[in-house]
Amino acid sequence: MDPVRNPYAPGAGQRPPELAGRDSELEAFEVLLTRVGRGRPERSIVLTGLRGVGKTVLLNTLRSQAVRRGWGTGKVEARPGQSLRRPLAAGLHLAVRELGAPASETEHVLGVLKSFALRHNDADAKVRDRWQPGIDAPVVPGRADSGDIEIDLVELLVDIGGLAGDCGKGVAVFLDEMQDLGTDDVSALCAAAHEISQAGLPFVVVGAGLPHLPAVLSASKSYSERLFRYVGIGRLAREAADRALAAPAKEEDAEFTPDALDAMYEATAGYPYFVQEYGKTVWDVATTSPITADDVRVAVPRAESELAVGFFGSRYERATPGEREYLRAMADVLAEVEQAHDGPGDPDEAVPTAAVAAALGRKPQSLSPARDALLKKGLVYSAERGLIAFSVPHFGRYLRRQDA
């Protein structure tokens with residue numbers, strides 16, 4: 001098979017050639033944009049799921065939908081330990097510019113945005129000294145510059161939402177890795193979303209994060225479950241996974257045999273990133289169309305080797321020796337859970353932290369530092385007290401293969 005014509009795209013956040021299995025999410029967002037544009041009440045959206053299920057791809061696609069509607073949009077990626085103020089200011093600056101309003105109408109809002117951007121807390125003093133927001137408008141004193149992120153963000157988004165309404169458009173902010181926001185920033189974002197919802201302003205927040213994100217938001221504001229519509233993004237159903245492979249191949253005058261599609265689903269379990277990675281590898285392995293189950297059997301070890309370095313290994317290398325010990329113990333406990341199921345079980349389910357401690361012969365309290373560090377690094381997550389799970393699909397299986 002010609003490698004130049006290989007249609008699959010296993011890059012991080014890279015849109016696949018066929019965005020299969022997400023039609024309902026795209027249709028629901030079109031409805032949301034229409035309703036908000038007509039002044040109807042709607043909740044903002046939070047996408048949740050493991051790494052590799054296509055949250056970032058879907059986030060970018062939703063943003064494209066908003067752009068086509070003439071909305072102002074900005075995208076922000078949260079990072080652990082980083083204040084939301086600076087990256088959000090940059091994203092909102094772009095969104096205001098995209099509204100296309102005359103300078104006379106945007107000057108006040110841009111001045112408020114500049115005030116917000118420049119008002120750093122003491123921890124950000126060094127950033128303040130070397131960074132300017134690049135906003136060509138005079139600062140508006142006394143608005144969004146109190147230093148309290150919750151007060152400032154509410155004031156800023158109310159002003160931006162008002163401008164969007166005057167323009168007959170809307171504004172949407174797309175926030176990736178939302179679980180990495182600091183406590184104060186989460187609280188501020190919830191408060192601002194609450195305020196703009198009550199005011200009926202055309203402003204929407206679309207967030208994406210790991211499965212425990214709803215718990216993070218709920219811990220900040222008790223009313224958060226009424227502010228957002230939570231959409232779980234998981235692995236693809238069989239039909240969608242087949243379409244993600246077959247449709248791009250057809251565009252390149254190639255096809256898969258039914259047995260090959262069976263083997264591909266068994267290997268990928270329908271996880272979108274794996275579908276792209278295995279699809280790319282099997283294309284390069286196959287000598288001619290149709291791609292067969294034998295081609296898949298040859299490709300699987302090569303794809304697993306690639307994943308072991310780029311997808312799994314790069315994350316594993318971030319862990320300290322003590323953290324790796326904890327991860328391996330999680331993998332062992334998960335294997336025992338899988339064996340206890342009547343069927344194959346779920347290779348990505350949560351396991352009790354007490355069982356992990358028992359596997360290591362340690363008290364649970366002594367493992368808190370390692371567990372907390374892994375949580376901060378995004379290698380694991382805890383959606384429920386006393387349970388822990390890998391944030392990366394099939395990470396436990398990867399660790400067990402490394403030990404084999």
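How many Å² of accessible area per residue for the chain, probe 1.4 Å?
45 Å²
For region 23-114, give the percent of accessible area contributed by carbon and sulfur heavy atoms, probe 1.4 Å, rounded to a whole number.
Heavy-atom surface of region 23-114 belonging to carbon and sulfur, 1.4 Å probe: 46 percent.
Compute the relative contact order of the chain as a whole-number percentage, counting only Cα pairs closer than 8 Å that sit 6 or more residues apart in sequence.
20 percent
Compute the FRET efficiency between Lys376 and Ser289 as 1/(1 + (r/R0)^6), taking r as their Cβ-Cβ distance and R0 = 51 Å, and round to the nearest 0.05.
0.65
Decide, for region 322-404, between rounded, prolate and oblate: order the square roots of the alpha carbon gyration tensor eigenvalues as a ≥ b ≥ c, take rounded if a/c falls under 1.5, and otherwise choose prolate if a/b is larger than b/c, else oblate.
In terms of gyration-tensor shape, rounded.
Give, as ranges by residue number, the residues of region 375-404 whose backbone N falls under 19 Å from the point 7 Å along Cα→Cβ of Ala219.
375-392
Multiply the residue gap between Leu387 and Asp259 by 0.36 nm, knock off their C-alpha separation, and tell me the result in nm, one decimal place.
Result for the pair: 42.3 nm of gain on full extension.
Given points 7 Å out from each Cα along the Cα-Cβ axis, report the Gln198 to Gln365 separation in nanometres with one decimal.
4.3 nm
Treat each spin label as a single point 7 Å out from the Cα along the C-beta direction, and report the Asp166 to Asp2 distance in nm.
Each label point lies 7 Å from its Cα, and together they span 5.5 nm.
Between the alpha-carbon centers of region 22-78 and region 185-203, tell me the distance in whole angstrom.
16 Å
If I model a spin label at Ser314 and Arg97 as a point 7 Å from the Cα along the Cα→Cβ vector, what separation in nanometres do I get?
Reported label-point gap for Ser314 and Arg97 is 2.8 nm.
Order the peptides 144-155, 7-18 from the highest to the lowest mean number of other Cβ atoms within 10 Å of their residues.
Sorting 144-155, 7-18 by mean packing, highest first, produces 144-155, 7-18.
Within the accessible area of region 272-404, what % is carbon and sulfur when the probe is 1.4 Å and the other protein chains stay in place?
Of all accessible area on region 272-404, carbon and sulfur atoms account for 51 percent.
Name the most mobile residue of Val186, Val309, Val173, meaning the one with the largest mean-square fluctuation, in a Gaussian network model of the chain with Cα contacts below 10 Å.
Val309
Determine, from the Cβ-Cβ distance of Gln65 and Glu251 and an R0 of 25 Å, the FRET efficiency 1/(1 + (r/R0)^6), rounded to the nearest 0.05.
It comes to 0.65.
From largest accessible area down, sort His93, His194, His108; use a 1.4 Å probe on the protein chains.
His108, His194, His93
Going by a ≥ b ≥ c, the root eigenvalues of the Cα gyration tensor, does the chain fall in the rounded group (a/c under 1.5), the prolate group (a/b larger than b/c) or the oblate group?
Because a/c hits 1.5 or more and a/b fails to exceed b/c, the chain counts as oblate.
Answer rounded, prolate or oblate for region 41-106, using the Cα gyration tensor with square roots of eigenvalues a ≥ b ≥ c: rounded when a/c is under 1.5, else prolate when a/b is larger than b/c, else oblate.
oblate
Of Thr106, Ala358, Ala208, which is farthest on the positive side of the dipole of the chain, counting Cα position, with +1 on Lys and Arg Cβ, -1 on Asp and Glu Cβ, and the Cα centre as origin?
Thr106
Would you check the chain for Lys pairs whose C-alpha atoms are within less than 26 Å, ignoring same-chain pairs closer than 8 in sequence, and give me the count?
The result is 22.
The values are calculated or read from the model by the stated rules, or taken from the named source; none is laboratory data. Treat the numbers as computed from the prediction; the structure is a model and nothing was measured. Neighbour counts run over all protein chains shown; Cβ positions are idealised from the backbone, glycine included. Remember, those area values only see protein heavy atoms, side chains included, never the ligands or the DNA or RNA. Shrake-Rupley method; radii C 1.70, N 1.55, O 1.52, S 1.80 Å.
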